[in-house]
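Visitor: The structure is given below, and queries will be raised subsequently.
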Amino acid sequence: MKSVVVFCGSRHGERPEYAAAARELGQLLAQRELTLVYGGGRVGLMGVMAQAALEAGGKVIGVIPEFMQERELGLTECTELIVVDSMHTRKARMAELADAFIAMAGGFGTFDELFEILTWGQIGIHGKPVGVLNTAGYYDGMRQFLDATMTEGFVRESELAKLQCADTPAALLDQLAATPLLPARWAKADLFSKT
């Protein structure tokens, strides 16, 4: 594992624990010499995490759509800031750069990114580990809901078991590092296809 994509909020949230976890994760990624790949923003938890990684000497790659960059929402201090044409291209580019994925606290965008990457794993586009950082119990409700999807027969237990979960950044990084990379069934799938 050399790079980790982190999905997280463009807001700070109501609890100080969220920003503290973002800062800690950014620092740990740098300390473990793991490249941070994220949405390229300078605001919210994204900005806190990226700044912490940079301040700790880490490598940070931001991937941001052009319309957001035009609104000056990008973190120009990133080691590399990749500007793309759309949200779809952003997600595909981030997935290409990733060896693992983490979802921190966030809103609709974070949920969209997490569930899309879980879906891509389910259908065999990638075999990379995915985890949620459950700061202050943020994902407790989602975990209960996902258990229900399994009970109701829509998600297999083996698929749900692939989603790692931990309460601290260090524990989650340890879990992801220990998770074997599975071969992608559709390694040549074109994530950028417009058809």
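The values are calculated or read from the model by the stated rules, or taken from the named source; none is laboratory data. This structure is a prediction, so every number in the text was calculated from the model and none was measured. When we count neighbours, we look across all protein chains shown, and the Cβ atoms used for this are built from the backbone with ideal geometry, even at glycine.
Visitor: Can residue 110 be described as under 20 Å from residue 61 (Cα atoms), part of a helix (DSSP H, G or I) and either at pLDDT 95 or above or of a type in the set (S, T, N, Q) (or both)?
Guide: On the way: under 20 Å from residue 61 (Cα atoms): yes; part of a helix (DSSP H, G or I): yes; either at pLDDT 95 or above or of a type in the set (S, T, N, Q) (or both): yes.
Yes.
Visitor: Residues of the range 175-188 being at pLDDT 90 or above and loosely packed, with under 13 Cβ neighbours inside 10 Å, which ones?
Guide: Hit for the range 175-188 is 178, nothing else.
Visitor: If you don't mind, another one. Scan the range 120-142 for residues that are at pLDDT 95 or above and surrounded by fewer than 16 Cβ atoms within 10 Å (Cβ to Cβ) and jot them down.
Guide: The answer is 137, 140, 141.
Visitor: Do any helices (runs of 4 or more DSSP H) entirely within the range 1-76 hold 3 or more residues that are more than 13 Å from the chain's Cα centre (by Cα), among the charged types (D, E, K, R) and within 19 Å of residue 103 (Cα to Cα), and if so, which?
Guide: Those helices (runs of 4 or more DSSP H) span 16-31.
Visitor: Return only the number of the condition from (1) more than 17 Å from residue 113 (Cβ to Cβ); (2) part of a helix (DSSP H, G or I) that residue 153 does not satisfy.
Guide: Only one criterion in (1) more than 17 Å from residue 113 (Cβ to Cβ); (2) part of a helix (DSSP H, G or I) is unmet by residue 153, namely (2).
Visitor: Oh, and also: Of all residues in the range 79-115 being surrounded by fewer than 16 Cβ atoms within 10 Å (Cβ to Cβ) and of a type in the set (S, T, N, Q), which is nearest to residue 174 (Cα to Cα)?
Guide: By that ranking, first place goes to 79.
Visitor: So which residues in the range 1-31 are among the polar types (S, T, N, Q) and either under 15 Å from residue 56 (Cβ atoms) or surrounded by fewer than 16 Cβ atoms within 10 Å (Cβ to Cβ) (or both), if there are any at all?
Guide: 27, 31
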